[in-house]
Amino acid sequence: MEPREYDEWYKKSIENRDEFWDKIARELDWFEPWDKVWEWNEPFARWFVGAKCNIAYNILERNATTWRKNKLAIIWEGENGEIRTLSYYQLAQECEKFAAVLKSFGVRKGDRVTIYLPRIPEQIISMLTCAKIGAVHNVVYSGLSVEALSERIRDSQSKILITADGSYMHGRTLELKKIADEALSRSPTIEACIVVRRIGEKMIVNMEPGRDYWYHELMALRLANEVKTEVMDAEDPLFILYTSGTTGKPKGVVHAHGGYMVGTYITTKVDFDLKEEDTYWCTGDAGWITGHSYVVYGPLLNGATEIIYEGAVNYPYPDKWWSIIERYGVSIFYTTPTAIRGLMRFGDAWTKRHNLSSLRILGTVGEPINPVAWDWLYTVVGNGRCPIVDTYWQTETGMHTITTIPGMKMKPGWAGKPFFGIESLVVDDKGKPVRAQEIGHLVLKPSWPSMLRGLYNDPERYREKYWTTIPGYYYTGDAAKIDEEGYIQIIGREDDVIKVSGYRLGSAEIESAIVSHPGVNEAAVIPKPDELKGNIIKAFVVLKQGVEPSNELKQEIIEHVAHELGSIAKPSEIEFVESLPKTRSGKIMRRLLRAKEVGTEAGDLSTLEQ
Ligand code: PRX
């Protein structure tokens, strides 16, 4: 897309926003049309009002009954070298069978199902099956652990848990069912637990009679030949995805069938210039929003063929990913800056021993990409031929909101411009747009189709978190700059959300895991800049009276956090301190700790307790 073309299209999409979204929505199948494109009742949006649809129908029936029937939807490679493929027809068949299974457990429209699976085809099958029968999926990343899982089950009041015996990662096996068992003992709402066999005989798992069932045994029962796809209202919830916020409890972000379908469909198509013959690979895990929107829904709505790799980026060798690109002829490759920085460190030789000429489009997501990593991706991986699209968005936005579009001028380190139909602004504290090159708050004007519909069971928190900071606008929580040409650069989070390797973690969440260690009295965590991961977690810990500080204790606290939340939340550094700086009202001033650590200005300290 020529820059001038973008400007023209963008202008039109904003001037005739309803017409723009209406036209796109018509590219998909609906059971009944809408009366109105959208409705705004601050802070609640409704899109395609009155329409009936099902996002899974647009992936399964729509593709499996047309010429795409035998086209491969998924090419999956396990870390142990196993390969599985699923055509659109086979994917639809698997979902049909699994729908009968879930129904036999009494799962009905609106019921919540928690999915705690590694990156295997059943993760996608489970999500699509829930959507098909109108159940609300709640996917939990398989790298999260006991308390993170049980909290998400409890808050969503799920009645079914789908998990696996274990998973492979870095050549090791992770005992998922064991973690699930411990989580289940803390979450009483689960009536049945369905277990996929990923590892097999090598892993002994505890199966509780009357509660735990093997997935493959249930699937073999062939409970029904056909399960009708549920007719959903466009606004019916599709999923809850928990994400870290500024307070201890993760937020259950809710997305709806109709709008989310339109948003993920069109951004995948336009931002990656997706063509029928492409081989698409997004390296994200469906446990996060990137996987929901750009592994599961976006590419499959477009009938794409996609690659899914179960394992870690550099296992068994640092060229694993490059070998996948070469072997399958990947043409669209979408990943994180942390992964790029990690791969860059192994040197160019690992990359150059593979023929990567199939690549056409490169994409990044999750954190700002530094110009050095951008250059490496552009020259060494893309051989100077492939546009890089830097896509900025969030769990809450559901789809890309600010991005580079192929063909547009690229500015390394600058995400790009707003997607069609979306208006973004960089404003000061009063909501007034800042001048070019000044830092301000990034806000979005309501509304776009895949905007979150709220926080699960918590409308007040939703209003307060997103709609009160800058009245009239959706507050992203990010600081940004805009330049003279309207390009936006993301500076980073302004709140207590920490980005580590692109993962989103809440300070308060990690602190409460640290404090649940019996020797700890209080804790504060901050992000500390890191060349590879963007940030690492540094924790300041006040011990209980009489507890002796030691290196062993540091290690014990780190392991405790891994057990409760998962390895990604482990602090990399712990410093024992006598006390923590607090405001007069007793809030920990993380800002001050951060300023001390990184040597920046601490800002206003007038509320500090002296
Ligand atoms: O800080 C921004 C950063 O990731 C946050 C959203 O995190 P999450 O909800 O986990 O979603 C991640 C995947 C969409 C944002 O508030 N972020 C996301 N994309 C970018 C980014 N920062 C800079 N550049 C990006 N392209």
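The values are calculated or read from the model by the stated rules, or taken from the named source; none is laboratory data. Being a predicted model, the structure only gives us computed values, none of them experimental. Note that we place each Cβ from the backbone using ideal geometry, even for glycine, and neighbour counts take in every protein chain shown. Surface accessibility is based on the protein's heavy atoms, side chains included, excluding ligands, DNA and RNA. Shrake-Rupley method; radii C 1.70, N 1.55, O 1.52, S 1.80 Å.
Observations on the structure shown:
- GluC sites (Glu not before Pro) within the range 276-323, DSSP loop, no more than 15 other Cβ atoms inside 10 Å: 276, 277
- Against the empirical curve 2.2 N^0.38 Å, the C-alpha radius of gyration of the chain lands at a ratio of 0.94.
- Highest to lowest packing among 436-449, 16-29, 386-399, scored as the average C-beta count within 10 Å: 386-399, 436-449, 16-29
- Couplings 3J(HN,Hα) for the range 352-365, derived from phi with the Karplus relation 6.51 cos²θ - 1.76 cosθ + 1.60 (θ = phi - 60°), are 6, 6, 10, 8, 9, 5, 6, 5, 10, 9, 10, x, 10, 7 Hz, where x marks Gly and Pro.
- Entries in 71/177; 103/132; 538/582 that, when Cα-Cα distance is taken, lie over 22 Å: 71/177
- Distance from the alpha carbon centroid of the range 538-593 to that of the range 489-531 works out to 10 angstrom.
- Across the chain, Cα pairs under 8 Å and at least six residues apart give a relative contact order of 13 percent.
- A DSSP coil position with no more than 16 other Cβ atoms inside 10 Å describes the following trypsin sites (Lys or Arg not before Pro) in the range 217-260: 222, 228.
- Antiparallel beta bridges, as assigned by DSSP with both residues in the range 48-160, represent about 50 percent of the total such bridges.
- Assigned charges on the beta-carbon of Lys, Arg, Asp, Glu; the range 425-577 dipole about Cα centre (debye): 520
- When a 1.4 Å probe is rolled over the protein heavy atoms, the share of accessible surface on the range 244-360 that falls to carbon and sulfur comes to 54 percent.
- At R0 = 30 Å, FRET efficiency that the Cβ-Cβ distance of residue 15 and residue 457 yields, to 0.05: 0.20
- Listed residue pairs exceeding 27 Å between alpha carbons, taken from 178/544; 411/465; 12/445; 249/587: 178/544; 411/465
- Less than 5 angstrom separates the built amide H of residue 536 from those of 528, 530, all sequence-distant by 5 or more or on a different chain.
- Ranking 539, 560, 219 by Cα position along the charge dipole of the chain, where only Lys, Arg, Asp and Glu carry charges on their C-beta atoms, puts 219 farthest toward the positive end.
- Tail fraction, Cα-Cα pairs, the range 134-207, threshold 22 Å, whole percent: 19
- Order by protection proxy (mean Cβ within 10 Å, highest first), peptides 351-361, 94-104: 94-104, 351-361
- Cα-based convex hull, the range 198-253, per residue volume (Å³, whole number): 202
- Accessible heavy-atom area order of 482, 369, highest first, probe of 1.4 Å: 482, 369
- Taking all Cα pairs closer than 8 Å and separated by 6 or more residues, the relative contact order of the range 477-610 comes to 18 percent.
- Normalised size of the range 435-504, defined as Cα radius of gyration per 2.2 N^0.38 Å with N residues, equals 1.23.
- Residue 425 sits among other residues whose Cβ lies under 10 Å from its own Cβ, and their net charge, with Lys and Arg +1 and Asp and Glu -1, is +1.
- When the range 294-386 is described by a simple charge dipole with +1 on each Lys and Arg Cβ and -1 on each Asp and Glu Cβ, the residue from 332, 309, 377 located farthest towards its positive end is 377.
- Look at the dipole of the chain built from charges on Cβ: of 521, 488, 179, the Cα furthest out on the positive end belongs to 179.
- Gap separating the Cα centres of the range 340-393 and the range 183-200, nearest whole Å: 39
- Here the calculated FRET efficiency for residue 598 and residue 348, from their Cβ-Cβ distance with R0 = 41 Å, stands at 0.85, rounded to the nearest 0.05.
- Per-peptide packing, taken as the mean over residues of other Cβ atoms within 10 Å, places 202-210, 322-330, 574-582 in the sequence 322-330, 574-582, 202-210 from highest down.
- Put a plus charge on the Cβ of each Lys and Arg, a minus charge on the Cβ of each Asp and Glu, and nothing anywhere else: the dipole of the chain about its Cα centre is then about 460 debye.
- The range 222-270 and the range 57-85 have Cα centres separated by 20 Å.
- Where a label projected 7 Å from the Cα of residue 189 along Cα→Cβ would reach, residues of the range 443-458 with amide N under 18 Å: 453-458
- DSSP bridge orientation in the chain - percent antiparallel, rounded to nearest 5: 60
- The amide H of residue 589, built 1.01 Å from its N in the peptide plane, has 582, 583 as neighbours under 5 Å, considering only residues 5 or more places off or on other chains.
- Spin-label zone in the range 99-129 - amide nitrogen under 14 Å from a point set 7 Å from the Cα of residue 221 along the C-beta vector: 99-107
- Its alpha carbons considered, the range 1-104 gives a radius of gyration followed by a Dmax of 19.2, 55 Å.
- Accessible area of the chain divided out per residue, in Å², using a probe of 1.4 angstrom: 39
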